[in-house]
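A short reminder: the numbers here are calculations on the coordinates, not readings from a lab. In this text the structure is predicted, and so the values were computed from the model without any measurement. As a convention, Cβ positions derive from the backbone with ideal geometry for all residues, glycine included, and neighbour counts pool all protein chains shown.
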Amino acid sequence: MTSLDYVWLFCVGCGKRLPADSEACKCPDCAGRLEIGYDYAKIRETVNRDLFRTRGQQSMWRYHELLPVNQNSIVSLGEGTTPLVAADRLGRELGMTRLFLKLEYTCPSGSFKDRGSSLLLSKAREIKASTVAVDSSGNAAASLAAYSARAGISCYVFTPSYASAGKVVQAIAYAAKVVKVDGTRRDTFEIAKTAIAKYGWYYCGFQVNPFASEGSKTIGYEMCEQGEWEPPDVAVFPVGSGSGLIGCWKGLKEAKELGLVEKLPSMGCVQPEGCSPIASAFKQGKSITPVEKPKTIAEGLMIAQPLKGEIVLNALRESKGFAEAVSDEEIMDAAKLLAELEGVFVEPSAATCLAGMIKLLSEGKIDRDQKVVCVLTGIGLKTLEAYSGTFPEPVTIKPIESEIERIVSSSS
């Protein structure tokens, strides 16, 4: 069975159906949003828990029957199958009995975006695209550039001027052609869209391309399988465009549809106060209003007008979930807690997840005895400038034994 036998694209607006190998990112009839559909009855004939027990932990492609690309087109760097670890010390600090961390920053380029990039470049290879392009504030840019290099496909990256130097250097190292835009994230998107239309590149924007979130849905499968097919009670994500949460929720729903699990968790959406259009809309019960002047230390979440924001809201409502906004100070405090208590060093955008979980806990929206998974999306090494002055400076000493004794005695 090949993926194209039971996969298709469809427009959520007018219902038009397209073949899975279509290059379209929007409906050709009404310009509506495209999603990917599956014949779950056909998948159910071969997919069950025993099937996955027989497979090694090689990558997210161990779930290839549930992904919309033929196996001979796969572009992989071993992404996925990230650790799910018990946060025992942090849990005790917060009075929680079952707190877990999903370490997505252990993906090859240092962020969860690798799941979507693997899927996008596999699709690019399948449709024989010669060049791909993306607009991104950093992680998606670095990730897509890495997978483009792996696939031998040219890559153009458009990024706002405020993007972290580490992420930009990553993309350049992978031989992507990087264009820094002196403007907002929205300006970056518009310039990229113009160039893509002119040159006919395959657009891999995580907010628009329907295949991007399909990679992220494997986070949901892994949560279930790593928990012995018992999903958490609550799964919390830091949200910018929402591709991670959207994909994970779809994967969780599919797992239930296929009989792999019996229940579904509530989803938690956390955004920084300086850019929280989705969280604000959910809490106020209103539609999403774009943020005029976004500003936050969590640069990866600085999406003022999330194009998939309504899908995130639907996921929160469907799952009886939560949304919260946190301050930059709360984000940095959470980052320090993760590093000091669990040996986990993440970028501020990822630490936003824990900051929001702590706030939801204090508000009684999460119970202390519930099983909670915080999804940590990006590694802290990419954003070292954000931590300037956050941690103590190392002590400089002379190379003599007495100096070591002085430091040890003063710290005891």
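If we scan region 56-66, do we find a residue that is of a type in the set (Phe, Trp, Tyr), within 23 Å of SER117 (Cα to Cα) and in contact with a helix residue (DSSP H, G or I) (Cβ under 6 Å, 6 or more places away or on another chain)? Looking through region 56-66, at least one residue is of a type in the set (Phe, Trp, Tyr), within 23 Å of SER117 (Cα to Cα) and in contact with a helix residue (DSSP H, G or I) (Cβ under 6 Å, 6 or more places away or on another chain). Taking every residue in region 252-268 that is in contact (Cβ under 8 Å) with a residue 24 or more places away in the chain and pairing it with any residue that is of a type in the set (S, T, N, Q) and surrounded by 19 or more Cβ atoms within 10 Å (Cβ to Cβ), at least 6 positions away or on another chain, the pairs with Cβ-Cβ distances below 6 Å are SER266/SER319; MET267/SER319. Only residues that are surrounded by fewer than 21 Cβ atoms within 10 Å (Cβ to Cβ) and in contact (Cβ under 8 Å) with a residue 40 or more places away in the chain: list them for region 86-97, please. Listed by number, the residues that qualify are ARG89, GLU93, LEU94, GLY95, THR97. Taking into account only those residues within region 316-346 that are within 20 Å of PRO83 (Cα to Cα) and of a type outside the set (A, V, I, L, M), which is nearest to the chain's Cα centre (by Cα)? Among them, the one singled out is PHE345. Restricting ALA323, ALA351 to those that are of a type outside the set (Val, Ile, Thr) and assigned to a helix (DSSP H, G or I) reduces the list to ALA351. Highlighted here are the helices (runs of 4 or more DSSP H) found entirely within region 98-190 that include at least 3 residues which are free of Cβ contacts under 8 Å to residues at least 40 places away in the same chain and of a type in the set (A, V, I, L, M, F, W, C): 139-151, 165-173.
Pairing each residue of region 32-57 that is on the phi > 0 side of the Ramachandran plot with any residue that is surrounded by 14 or more Cβ atoms within 10 Å (Cβ to Cβ) and part of a loop (DSSP other than H, G, I, E, B), provided the two are 6+ apart or on different chains, yields no C-beta distance under 7 Å. Taking the criterion of being under 27 Å from ILE303 (Cβ atoms) and in contact with a Pro (Cβ under 7 Å, 6 or more places away or on another chain), would at least one residue in region 70-93 satisfy it? The answer is yes; a qualifying residue exists.
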